[in-house]
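Student: Dropping a structure here in structure tokens format, bear with me for questions.
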Amino acid sequence: MKHLLSLHEITVEDIKHLLSLAIKLKKELKSGIPHPLLKGKTLGMIFSKSSTRTRISFEVGMYQLGGYPLFLNSSDIQLGRGETIYDTANVLSRYVDGIMIRTFKHSDVEDLARYSTVPVINGLTDLLHPCQALADLLTIYEYKSKLEGLKLAYIGDGNNVAHSLLHGCSKVGMSIAVATPKGYECNEEIVEHAKTDAQKTGCNVTITHDPVEAIKDADVVYTDTWVSMGKEAEKEQRIKIFKPYQVNKELFSKAKEDAIFLHCLPAYRGFEVTEDVIDGPRSAIFDEAENRLHVQKAIMVILMGERHGADYGQLEF
Ligand code: CP
Ligand code: NVA
């Protein structure tokens, strides 16, 4: 693993090492055992979009690992005034040991990684949100003690979060059903990649417009905002179109009795999910948010540290 841009580009072994290290770091943190594995290292964090979880968990994570995080709002650095990605990547690589970026175009992140000599981590693009899906897998593992053989139902917009879940679930052998309105389906190439991986790992990928079909027998029910960052102009239209895809008590009751509810957050109660579900007893949203910290620390240690992922063992799921 040189960068973390997409879960499609990493192996299932990489995921096993990452989750295994995330669990170890989480345990150590809770027991007060320091782990300064990135002492003296610096992470540059470029943000072209808002963030609560990603920014705070990377900053705090870097601090806990003994390193130093630099928050770089893209409109404050010359990148926002037209400096090229090529120059930005080359210059940053002379100062920092790793770069995390949250931006619009996925190809910008790929370019940044191509020109950087230090590891690049995708903190969300319009296409993908791999750090989120890794935190989701860790959360599901904690609740269900396994991943293989489970089923996740994603109901709503075929967006960046849905795409990374498609990659992640199919890689670890977890079936995934995605229900979106017509016109808001997932990227076809990503669905094809997921189907190919699912064939190898023996799970299913279901793409439908019917939320009831998707949620049947689900162990995990997932939704995300109907209006992702950059889509604000479509808000009114989307709210009308997505209404039948709301995860409410009635729809949630059609999943398995012990199904958990996940949402990457930020959530908009009364739109994609109702309060009784997101604030109900089977919601795991805050564990999920916490796990961003542990998983991203593992990502940084594996990409920027002195040892390799395999040195930290591998989780069996
Ligand atoms: N889930 C997530 O990435 O949250 P933020 O937008 O707050 O970083
Ligand atoms: N799909 C959302 C995720 C936010 C974390 C967005 O892109 O805005």
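Student: Hey, which aspartates and glutamates would be in cross-link range of residue 216, C-alpha to C-alpha under 15 Å, not counting anything within fewer than 8 residues on its own chain?
Tutor: 250, 257, 258
Student: Next up: Points 7 angstrom from Cα along the Cβ direction at residue 217 and residue 78: gap in nanometres?
Tutor: Roughly 5.8 nm, to one decimal.
Student: Another one. Need one value: the accessible area of residue 107 in square angstrom, 1.4 angstrom probe, rounded to the nearest 10.
Tutor: 50 Å²
Student: Using a 1.4 Å probe on the protein heavy atoms, what percent of the accessible area of the range 1-80 belongs to carbon and sulfur?
Tutor: Details: 2060 of 3830 Å².
Answer for the range 1-80 is 54 percent, counting heavy atoms of protein chains only.
Student: Estimate the FRET efficiency between residue 148 and residue 243 by the formula 1/(1 + (r/R0)^6), using the beta-carbon distance for r and 51 Å for R0, to the nearest 0.05.
Tutor: 0.90
Student: Under a 5 Å amide H to amide H cut-off, with H placed in plane at 1.01 Å, what residues pair with residue 177 once short-range neighbours are removed?
Tutor: 152, 153, 154, 206
Student: How far apart, in nm, are the 7 Å Cα→Cβ label points at residue 104 and residue 265?
Tutor: Going from the residue 104 label point to the residue 265 one covers 2.8 nm.
Student: What residue among 168, 149, 183 has the largest mean-square fluctuation in a Gaussian network model of the chain, using Cα springs under 10 Å?
Tutor: In this elastic network of the chain, the residue with the biggest mean-square fluctuation among 168, 149, 183 is 183.
Student: Using θ = phi - 60° and the Karplus curve 6.51 cos²θ - 1.76 cosθ + 1.60, what whole-Hz ³J(HN,Hα) does each residue of the range 70-84 get, with Gly and Pro shown as x?
Tutor: 10, 7, 10, 6, 4, 7, 8, 9, 5, 3, x, 9, x, 4, 6
Student: Let me ask something else about it. Using the heavy atoms of the protein chains alone and a 1.4 angstrom probe, what is the accessible area of the range 95-176 per residue in square angstrom? Spell out each step's value before the answer.
Tutor: On the way: 2070 Å² over 82 residues.
With the other protein chains kept in place, the range 95-176 gives 25 Å² per residue.
Student: How far apart, in nm, are the 7 Å Cα→Cβ label points at residue 60 and residue 117?
Tutor: Each label point is offset 7 Å from its Cα along the Cβ direction, giving 3.5 nm.
Student: So which DSSP H runs in the chain come out at 24 Å plus along the axis (Cα) with average Kyte-Doolittle of at least 0.5? Please list the in-between numbers first.
Tutor: Values: long enough: 12-30 (27 Å, 0.00); 285-304 (28 Å, 0.53).
Span-like helices here: 285-304.
Student: Under 18 Å from a point placed 7 Å out from the Cα of residue 287 along the Cα-to-Cβ direction: which residues of the range 28-70 have their backbone N that close?
Tutor: 28-31
Student: Shifting gears a bit: Nearest 0.05, what FRET efficiency do residue 182 and residue 86 give at R0 = 51 Å with Cβ-Cβ as r?
Tutor: 0.80
Student: Indicate the gyration tensor shape class of the range 1-109 (rounded, prolate or oblate), computed on the Cα atoms with a ≥ b ≥ c the square roots of the eigenvalues: a/c under 1.5 is rounded; otherwise a/b larger than b/c is prolate and the rest oblate. Write down the numbers at each step before the final one.
Tutor: Working: a/c = 2.03, a/b = 1.52, b/c = 1.34.
Prolate shape, in that a/c is at least 1.5 and a/b is the bigger ratio.
Student: Quick check: with the 1.4 Å probe, what order do 1, 45 take by accessible area, largest first?
Tutor: 1, 45
Student: If you roll a 1.4 Å probe over the heavy atoms of the protein chains, what accessible area per residue do you get for the range 2-72, in Å²? Don't jump to the answer; show the numbers that get you there.
Tutor: Values: 3240 Å² over 71 residues.
With the other protein chains kept in place, the range 2-72 gives 46 Å² per residue.
Student: Using the Cα atoms as the points, what is the convex hull volume per residue of the range 126-242 in Å³? Don't skip to the answer; put the middle values down first.
Tutor: Numbers: hull volume 10.6 nm³, N = 117.
Considering the Cα atoms of the range 126-242, their hull volume per residue is 91 Å³.
Student: Another question about this same structure. Could you give the distance between the Cα centres of the range 97-121 and the range 214-291, to the whole Å?
Tutor: Computed from Cα coordinates, the inter-centre distance equals 30 Å.
Student: Under a straight-distance cross-link criterion of Cα-Cα below 24 Å, which lysines are reachable from residue 26, leaving out those fewer than 8 residues away in the same chain?
Tutor: Excluding near neighbours in sequence, the set is 2, 16, 39, 41, 144, 146, 171, 297.
Student: At R0 = 35 Å, how high is the FRET efficiency between residue 11 and residue 253 if r is their beta carbon distance? Nearest 0.05 is fine.
Tutor: Details: r = 38 Å, r/R0 = 1.07.
The calculated FRET efficiency here is 0.40.
Student: From the Cα gyration tensor of the range 54-118, with a ≥ b ≥ c the square roots of its eigenvalues, which class applies: rounded if a/c is under 1.5, or else prolate if a/b is larger than b/c, or else oblate?
Tutor: Details: a/c = 1.79, a/b = 1.54, b/c = 1.17.
Here the range 54-118 falls in the prolate category.
Student: Take 155, 77 and sort them by solvent-accessible surface of the protein heavy atoms, 1.4 Å probe, largest at the top. Working shown, then result.
Tutor: On the way: 155 0, 77 40 Å².
Result, largest first: 77, 155.
Student: Report, by chain and number, residues whose modeled amide H sits under 5 Å from the one on residue 283, excluding near sequence neighbours (fewer than 5 apart, same chain).
Tutor: 261
Student: Given a 1.4 Å probe, how much area per residue of the range 198-251 is accessible, in Å²? Write out the running numbers ahead of the final one.
Tutor: Working: 2980 Å² over 54 residues.
That works out to 55 Å² for each residue.
Student: Starting from 0.36 nm per residue, how many nanometres of slack lie between residue 307 and residue 35 once their C-alpha separation is accounted for? Numbers along the way, then the final one.
Tutor: Working: separation 272, 0.36 × 272 = 97.92 nm, distance 1.35 nm.
Full extension from residue 307 to residue 35 adds 96.6 nm.
Student: With only alpha-carbon atoms in the gyration tensor, what are the semi-axes of the equivalent ellipsoid for the chain, in Å, largest first? The partial results should precede the final answer.
Tutor: Details: eigenvalues 187, 104, 63 Å².
The three semi-axes for the chain are 31, 23, 18 Å.
Student: Let me ask something additional. Can you pull the percent of the range 170-317's accessible area that's carbon plus sulfur, 1.4 Å probe, other chains left in place?
Tutor: Working: 3380 of 6920 Å².
Heavy-atom surface of the range 170-317 belonging to carbon and sulfur, 1.4 Å probe: 49 percent.
The values are calculated or read from the model by the stated rules, or taken from the named source; none is laboratory data. The shown structure was predicted, so the numbers you read here are calculated from the model rather than taken from an experiment. A quick note on method: Cβ atoms are made from the backbone with ideal geometry, for glycine too, and the neighbour counts reach across all protein chains shown. Only protein heavy atoms, including side chains, enter the accessible area calculation; ligands, DNA and RNA are left aside. Shrake-Rupley method; radii C 1.70, N 1.55, O 1.52, S 1.80 Å.
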